[in-house]
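Some notes on the structure that comes next.
The values are calculated or read from the model by the stated rules, or taken from the named source; none is laboratory data. The shown structure was predicted, so the numbers you read here are calculated from the model rather than taken from an experiment. FYI the Cβ positions are ideal-geometry reconstructions off the backbone, even for glycines, and counts take in every protein chain you see. Please note that ligands, DNA and RNA were not included when accessible areas were found on the heavy atoms of the full protein model with its side chains. Shrake-Rupley method; radii C 1.70, N 1.55, O 1.52, S 1.80 Å.
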There are 2 protein chains.
Amino acid sequence: MSRPRGFVEADVLERAMQYFWTNGYEATSMSALTGYLGLHPGSLYRTFTDKHTLFLRALEHYRDTQTRQLAPTLLAGGPVLPRIRTILIDYLEAAADESVPRGCIAVNTVGERLPRDEAAGRIVQEILALVEDGFRQGLEAAARHGEIPADTDVATEATTLMTLLQGLQVVVKAERDPRRLTRMIDAVLTRLAEPVRHVDA
Amino acid sequence: MSRPRGFVEADVLERAMQYFWTNGYEATSMSALTGYLGLHPGSLYRTFTDKHTLFLRALEHYRDTQTRQLAPTLLAGGPVLPRIRTILIDYLEAAADESVPRGCIAVNTVGERLPRDEAAGRIVQEILALVEDGFRQGLEAAARHGEIPADTDVATEATTLMTLLQGLQVVVKAERDPRRLTRMIDAVLTRLAEPVRHVDA
DNA sequence: CCAGAATGTGAACGTGTGTTCTCAATGCGT
DNA sequence: ACGCATTGAGAACACACGTTCACATTCTGG
C-alpha cells in the first residue's frame with residue numbers, strides 16, 4: 001500500500017555493483033553514487049541501510065549474476081577446454097579493450113578490504129569456491145570425454161586454474177599487453193591435455 | 001648545518017611500508033600513521049611532501065628490499081626448484097600463521113588503487129617484472145642443471161609462476177587453509193620437472 | 001659563543017565524507 | 001473520495017580526514 005517505489009531494487013543493485021567494480025569501496029563516495037544511481041540519499045539509506053551494507057549486497061549480486069554462470073557455461077555441451085580458454089582469454093581482451101581495466105570485483109575487494117572486512121571476506125570466499133567448483137565440474141566432463149587424461153587430479157587442477165585466474169586479474173590491471181599472458185594460458189591448457197609419462201634418465 | 005634529524009629516513013620508510021602493507025592506503029589515516037611512526041605531522045610532511053608521495057616511496061621501498069631479493073635467492077647455488085617451492089609455501093604458511101594475513105602490498109595496491117593511480121601502477125609493474133625475471137633466471141639455471149627439461153620455454157613458465165604467485169596472494173587472504181594450495185603448488189612444480197611426451201591415441 | 005637554519009610540537013584549518021532530518025508529493029486500500 | 005503510510009527531495013549535521021601553521025627547541029658552521 002501507499003506510494004510505490006520509483007526504482008527497481010535489482011536494477012539499483014546492478015548499477016551499484018558496476019560503480020563499486022570500477023571505483024572500489026573507499027573511493028566511491030555516497031554523493032557520487034547517488035548521482036550515478038539517480039537516487040537521493042534518503043531513498044538509498046531507507047532501502048539499503050548503509051554504504052557498507054549496499055556494498056555487500058552488490059558483492060552478492062556479483063556472485064549470483066557473474067560467478068554462478070561459470071559451471072553452466074562450461075557444461076553447455078561440446079569440448080570443455082576451448083571454453084575454458086575462451087573464458088580466460090576474454091578477461092585479457094576485455095582489460096585490453098576497456099580504457100579503464102577494472103579487473104574483478106572480488107579480487108579488488110581482497111586487496112582493498114581484506115582481512116579487515118570479514119563480511120566481505122565471506123562473500124569473496126564463496127565466489128572463489130564457485131569458480132573453483134565450476135572449473136572442477138568442467139574438468140570432470142573433460143576427463144569423461146577424453147579431452148584430458150582420465151586419471152587427472154581434477155580437484156587439484158581446478159585449484160590451479162582458479163588461482164591462475166585470480167592472478168590474471170591482478171596482472172592484467174598492472175600490465176595490459178595480453179600477448180605474453182595468452183601464450184601462458186595456451187601453455188597451461190596444452191599441458192593439461194597432454195598425457196604425462198615419466199621418462200627414466 | 002642546523003639541527004639534525006631525530007629519525008632516519010630509511011627506518012621511517014620501512015615502518016610506513018609495514019603499516020600501508022597491513023592497512024592499505026585509504027584506511028591508513030595520517031594521524032594513525034604519525035602515531036605509529038612516532039613522528040609529528042610537521043616532520044612527516046616536510047620530509048615526504050604528501051600522503052600519496054610517502055605511499056609511493058613505501059612501494060618503492062618494498063620493490064627494492066623485498067622483490068629484488070628473489071633472483072639472488074634462487075641463484076644462491078644448489079637445486080632451484082626446491083627453492084621456488086619454499087618461496088611459494090612460505091607465503092602460505094606466513095598467511096596461516098599471521099593473525100591478520102596481509103598478502104602482498106603490490107597485489108593489494110592493484111586491487112585498491114589501480115588503474116586510477118598511475119604512479120603506483122608503474123611501480124607495481126616494475127615489481128611484477130622483477131618477480132617474473134627472477135623466476136626466469138631461476139628456471140634457466142634449472143634447465144642448465146637438468147632439473148627441468150632443457151627445451152623448456154622458460155620465459156612462458158616464468159610468466160605462469162609469476163601469475164600463479166599473484167593469484168596465491170589473493171586466495172590466501174580469503175581462505176587461509178594452506179593444504180589444498182600446497183598440493184596445487186607441488187603438482188605444478190612436479191609437472192615442470194617432468195619431461196612431457198605426446199602419446200598417439 | 002653567537003647567528004641562523006632546520007627541527008620537534010601540537011593546535012588549528014578547510015574540506016569532503018557518510019548519514020540523518022524535515023517536508024511536500026504520491027498513490028494504494030477502503 | 002479520502003486517510004495515511006511511504007516515497008522523492010535536498011538541505012543540514014557531526015565528524016574525521018589530510019594538511020598547514022606558528023612557535024619554541026636544538027644543533028652546526030664560522
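Report whether or not A:Arg116 is charged (D, E, K, R), open to solvent by 20 Å² or more (accessible area, probe 1.4 Å) and at the interface with chain B (Cβ under 8 Å from one of its Cβ atoms).
yes
Quick test for you: out of B:Pro79, B:Pro149, B:Pro115, pick the one residue that is under 30 Å from A:Thr22 (Cβ atoms) and not in a helix (DSSP H, G or I).
Exactly one of B:Pro79, B:Pro149, B:Pro115 is under 30 Å from A:Thr22 (Cβ atoms) and not in a helix (DSSP H, G or I), namely B:Pro115.
Quick check on B:Arg180: is it within 26 Å of A:Asp117 (Cα to Cα), open to solvent by 40 Å² or more (accessible area, probe 1.4 Å) and touching a residue at least 40 places away in the same chain (Cβ under 8 Å)?
Answer is no for this residue.
To keep it simple, each residue is scored yes or no on (1) under 28 Å from B:Gly78 (Cβ atoms); (2) in the same structural domain as B:Gly78 (by TED's automatic domain parsing); (3) among the β-branched types (Val, Ile, Thr).
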residue: B:Asp97; (1), (2), (3): yes, yes, no
residue: B:Val100; (1), (2), (3): no, yes, yes
residue: B:Pro115; (1), (2), (3): no, yes, no
residue: B:Ile148; (1), (2), (3): yes, yes, yes
residue: B:Ala158; (1), (2), (3): yes, yes, no
residue: B:Arg180; (1), (2), (3): no, yes, no
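Name the single residue that is farthest from DNA strand D (Cβ to nearest atom) among those in region A:1-22 being in a helix (DSSP H, G or I) and open to solvent by 40 Å² or more (accessible area, probe 1.4 Å).
Step by step, filter region A:1-22, then rank; the result is A:Thr22.
Considering only residues that are among the aromatic types (Phe, Trp, Tyr) and surrounded by fewer than 18 Cβ atoms within 10 Å (Cβ to Cβ), look in region A:23-56 and name the one that is farthest from A:Arg122 (Cα to Cα).
Ranking the candidates gives A:Tyr36 first.
When region B:1-31 is examined, which residues are found to be within 13 Å of DNA strand C (Cβ to nearest atom) and within 14 Å of chain A (Cβ to nearest Cβ)?
Scanning region B:1-31 gives B:Glu26, B:Ala27, B:Ser29.
Across region B:36-48, what is the total count of residues that are assigned to a helix (DSSP H, G or I) and within 11 Å of DNA strand C (Cβ to nearest atom)?
So the count comes out to 8.
Can you list residue pairs whose Cβ atoms sit under 6 Å apart, with the first residue in region B:46-66 being within 14 Å of chain A (Cβ to nearest Cβ) and the second being within 16 Å of DNA strand C (Cβ to nearest atom) and modelled with pLDDT of 95 or more? Count only pairs 6 or more apart in sequence or on different chains.
B:Lys51/B:Met30; B:Phe55/B:Tyr25
Which one of these is buried (at least 24 other Cβ atoms within 10 Å of the Cβ), facing chain A (nearest Cβ under 7 Å) and either of a type in the set (Gly, Ala, Ser) or in a loop (DSSP other than H, G, I, E, B) (or both): B:Gly167, B:Gly103, B:Gly121?
Of B:Gly167, B:Gly103, B:Gly121, the one residue that is buried (at least 24 other Cβ atoms within 10 Å of the Cβ), facing chain A (nearest Cβ under 7 Å) and either of a type in the set (Gly, Ala, Ser) or in a loop (DSSP other than H, G, I, E, B) (or both) is B:Gly167.
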